[in-house]
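**Q** Please find one structure pasted underneath; my questions will follow.
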Amino acid sequence: MMPVPDKDQLKELTRLKLISRQRLSTVVITAGLILLLSVSFFLVSGQLRRYCNDFCFYLLHREAQEIKKDINRDIAFFRNDMDALGRLLEGEKDLTSEYVTDLLKAYEKKEMISQLGIMFPDNQVLKPDGTFVMSSDEISFELLDRQAPFFSNIRQDDKDPDRRILYYAIPIEQEGSIRGVLFGIIKLDFLSKDFEVSLFGEEISISIVDSENMDVILANLHGSHGEHGGGHSTQDVGDLHESGRFSYLIPKQEESMYSLCEPMDIRGWSLLLSIPERIVLDAAQYIGNILFRLGMFQSIIFLSYFIWVLLRTKRETRFKESEVRHIYYMYNVQQILFDAYRKPENIVLSLEEIARTLGAKDALLASVAGDSMYRAFIWQDEGESGDKNQKKQLAKALVQDMVKRQEGYTAAAGNALGEADDGLREILSRFAIERLTAIPIEGREDQIVGVLAVIDGDERRSMDCLTSVAFSFSMALDNICAYETIEKMGTTDALTCLKNRNSYEELLRKYETDRPDCLTCVYADANGLHELNNSQGHEAGDKMLKSVARALAEEFEDGSVFRIGGDEFLVFTDMAEEAAAGLAAEVKGKVKEQGYHVSVGTASGGREVLPVAIVKTAEQRMYEDKRQYYLGSNDRRKMR
């Protein structure tokens with residue numbers, strides 16, 4: 001066998017292991033901090049560039065939203081004007097009338113409308129001056145009728161090939177048929193008005209692109225870099241519409257541009273904002289602040305490390321002290337409960353230990369038999385004025401609640417676990433409890449054998465402290481139950497449930513040194529038990545004995561009732577002999593009503609008379625009563 005080290009050696013080994021672990025952790029943490037500081041320089045460099053990029057795109061996005069709102073508002077005005085004109089024309093029977101041409105002239109003067117017309121099924125177009133022209137081959141009535149209302153893609157003007165137009169078509173419907181299509185051409189130059197963009201001065205370039213045909217609608221709406229907007233390839237425009245942001249290089253100027261694309265609400269249009277990279281990086285003056293913060297960060301890291309070491313040591317010390325106190329607390333409770341089966345008052349002492357540890361006002365243990373409380377052990381602070389009967393009622397209520405709940409809990413008056421937990425809320429209110437922690441005590445077969453609870457204890461520690469000693473209380477309750485069962489078997493008559501001869505003799509020994517001023521003995525004997533057993537069987541005899549025992553227990557409920565022999569019963573009481581004789585007569589009457597007879601003798605004496613002498617006198621008087629009974633009828637002896 002290996003030698004067992006003594007306590008001092010074990011303590012020293014533990015201390016050395018602890019120091020070794022602390023040194024290793026210190027080395028690991030220091031190396032980690034050095035690595036962290038090295039990596040932080042690289043991360044900060046990348047962070048600065050990302051910050052500049054992200055901030056630039058944030059500003060571009062914000063400006064794009066404002067420009068989109070302006071353009072969408074203008075397009076909405078144009079569309080509303082066209083829709084209003086379309087509704088007016090639907091009410092006219094003759095679309096070639098002078099009134100119609102006057103309407104076209106009036107609306108053609110609107111700010112965004114450059115040209116209006118009505119196309120008829122024969123592809124002739126009515127102009128505002130009343131003349132007709134044939135439409136181009138690319139635009140036909142059938143095409144407009146099939147797609148209207150709609151915005152077209154960017155097209156070349158038939159009159160001016162260098163001019164690009166956008167038209168909007170609306171069907172003119174009368175009596176269920178399309179009689180014509182109203183179309184209006186938008187002045188795209190109107191969109192290039194001053195947007196009042198103050199972002200990045202004159203360096204920002206704003207363009208509108210059509211992602212469906214990969215074409216640039218308007219370029220350089222603002223700024224001095226005209227080629228920026230038109231310098232994208234069709235592939236660039238398509239990719240930009242999908243991703244939202246990108247960068248590209250201008251070969252002539254050898255300058256990179258940061259661009260952001262914002263989809264618009266008009267037929268696949270997108271708004272493109274571009275800014276030179278040098279303008280973006282001008283914002284990197286933020287670098288100075290970042291480097292300063294980096295130096296501060298390094299200082300804080302080292303300072304935090306040493307503070308962390310101190311706090312860690314202090315925390316570990318407190319934790320170990322707490323563990324030692326908890327183990328000591330568990331050990332104390334276990335030691336107190338060790339012989340609680342012989343000294344039930346130790347249960348109360350253990351509850352006091354729990355309450356002192358948790359700073360609780362009250363602590364209680366309720367043993368459970370079936371689904372109800374069997375016994376309650378209560379400890380309350382000396383400063384508390386609460387009635388123990390009230391605490392027993394609380395214990396009973398907690399048992400009923402725990403049988404349903406089957407799990408421990410901590411509840412406060414303002415928060416009874418749940419909104420629907422009316423039962424627990426009623427308990428807290430009824431017994432004026434601010435905070436309650438209760439756990440079930442489980443037996444060998446996981447059934448609830450008790451409930452352990454503290455009132456107004458430490459909310460953070462109560463549950464752990466109760467749970468850690470639950471097994472000790474479970475064992476104590478089990479031992480008490482086993483001890484009481486064995487004790488009951490030795491001191492209780494199994495048939496009548498009265499105290500047996502062992503209990504009687506123990507009480508006699510007690511009376512030799514300590515007895516009341518007046519001790520009265522009632523000695524009773526069931527008449528005819530032997531004959532009844534012979535004639536009707538022992539079951540009938542047992543019934544007779546139970547009847548006599550029940551009558552004696554009912555009448556002498558304040559006395560000690562014993563079955564000291566087969567058909568002999570004895571009662572000790574501190575009442576006067578006359579009163580005892582009266583109750584004995586009541587017993588005889590009750591027994592007689594059930595068809596049985598009992599002989600009774602009584603005797604009384606003070607402290608100067610030995611209890612054995614009092615019993616002897618009562619026994620003699622019982623025999624005299626029995627003799628008188630049998631002299632009355634010879635047949636009774638045969639019957640019983």
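The values are calculated or read from the model by the stated rules, or taken from the named source; none is laboratory data. Predicted, not measured: the structure shown is a model, and the values here were computed from it. Backbone-built Cβ (ideal geometry, glycine too); neighbour counts: all protein chains shown. Keep in mind that these areas ignore ligands, DNA and RNA; they rest on the heavy atoms of the full protein, side chains included. Shrake-Rupley method; radii C 1.70, N 1.55, O 1.52, S 1.80 Å.
**Q** For the charge dipole of the range 506-560, defined by +1 on Lys and Arg C-beta atoms and -1 on Asp and Glu C-beta atoms about the Cα centroid, which residue among 507, 537, 526 has the Cα displaced farthest towards the positive pole?
**A** 537
**Q** By how many nm would the segment from residue 461 to residue 513 lengthen if fully extended, with 0.36 nm per residue of separation less the alpha-carbon distance?
**A** Once the chain is fully extended between residue 461 and residue 513, it gains 13.8 nm.
**Q** Moving on. What distance in nm separates the two pseudo spin-label positions at residue 445 and residue 468, each 7 Å out from Cα along the beta-carbon direction?
**A** 3.2
**Q** What's the extension gain from residue 352 to residue 140 if we count 0.36 nm per residue and subtract their Cα-Cα distance?
**A** Answer, rounded to one decimal: 66.2 nm.
**Q** Report the calculated FRET efficiency for residue 129 and residue 177 (r = Cβ-Cβ distance, R0 = 22 Å), to the nearest 0.05.
**A** 0.25
**Q** Given the range 308-388 reduced to its alpha-carbon atoms as identical point scatterers, what log10 I(q)/I(0) does the Debye formula return at q = 0.20 Å⁻¹?
**A** -0.95
**Q** Could you derive backbone 3J(HN,Hα) for the range 324-332 from the dihedral phi with the Karplus parameters 6.51, -1.76 and 1.60 (θ = phi - 60°), listing whole Hz in sequence and x where the residue is Gly or Pro?
**A** 5, 4, 5, 5, 4, 4, 4, 5, 4
**Q** Could you run the Karplus curve 6.51 cos²θ - 1.76 cosθ + 1.60 with θ = phi - 60° over the range 178-185 and give me ³J(HN,Hα) per residue in whole Hz, x for Gly and Pro?
**A** Calculated HN-Hα couplings, in order: 8, 8, x, 10, 7, 9, x, 9 Hz.
**Q** Could you tell me the calculated FRET efficiency between residue 546 and residue 345, based on Cβ-Cβ distance and R0 = 35 angstrom, to the nearest 0.05?
**A** Details: r = 35 Å, r/R0 = 0.99.
Calculated value: 0.50.
**Q** Taking a temperature of 25 °C and a viscosity of 0.890 mPa s, what whole-number D in µm²/s does Stokes-Einstein yield for the range 414-557 with Rh from Kirkwood over alpha carbon pairs?
**A** Estimated diffusion coefficient is 118 µm²/s.
**Q** Compute the length gained on full extension between residue 530 and residue 372: take 0.36 nm times their separation in residues and subtract their Cα-Cα distance, giving the result in nm to one decimal.
**A** 52.7 nm
**Q** Please list, ordered by chain and number, the residues whose modelled amide H lies under 5 Å from the amide H of residue 499; skip anything fewer than 5 residues away on the same chain.
**A** 493, 561, 563
**Q** So what J values fall out for the range 543-550 if you push phi through Karplus, 6.51 cos²θ - 1.76 cosθ + 1.60 with θ = phi - 60°, rounded to Hz, Gly and Pro as x?
**A** 4, 5, 5, 5, 5, 5, 4, 5
**Q** Beyond a 23 Å Cα-Cα separation, which of these cross-linked pairs lie in this structure: 510/616; 343/510; 488/592; 320/343; 361/388; 488/590? Present the calculation step by step, with values, prior to reporting the outcome.
**A** Numbers: 510/616 17 Å; 343/510 19 Å; 488/592 30 Å; 320/343 34 Å; 361/388 13 Å; 488/590 28 Å.
Flagged as over cut-off: 488/592; 320/343; 488/590.
**Q** Keeping all protein chains in position, work out how much accessible area residue 409 exposes to a 1.4 Å probe, and write it in Å² to the nearest 10.
**A** 10
**Q** Can you list which of the GluC sites (Glu not before Pro) found in the range 525-634 are DSSP loop residues with at most 10 other C-beta atoms within 10 Å?
**A** Counting only loop positions with at most 10 other Cβ atoms within 10 Å, the GluC sites (Glu not before Pro) in the range 525-634 are 557, 608.
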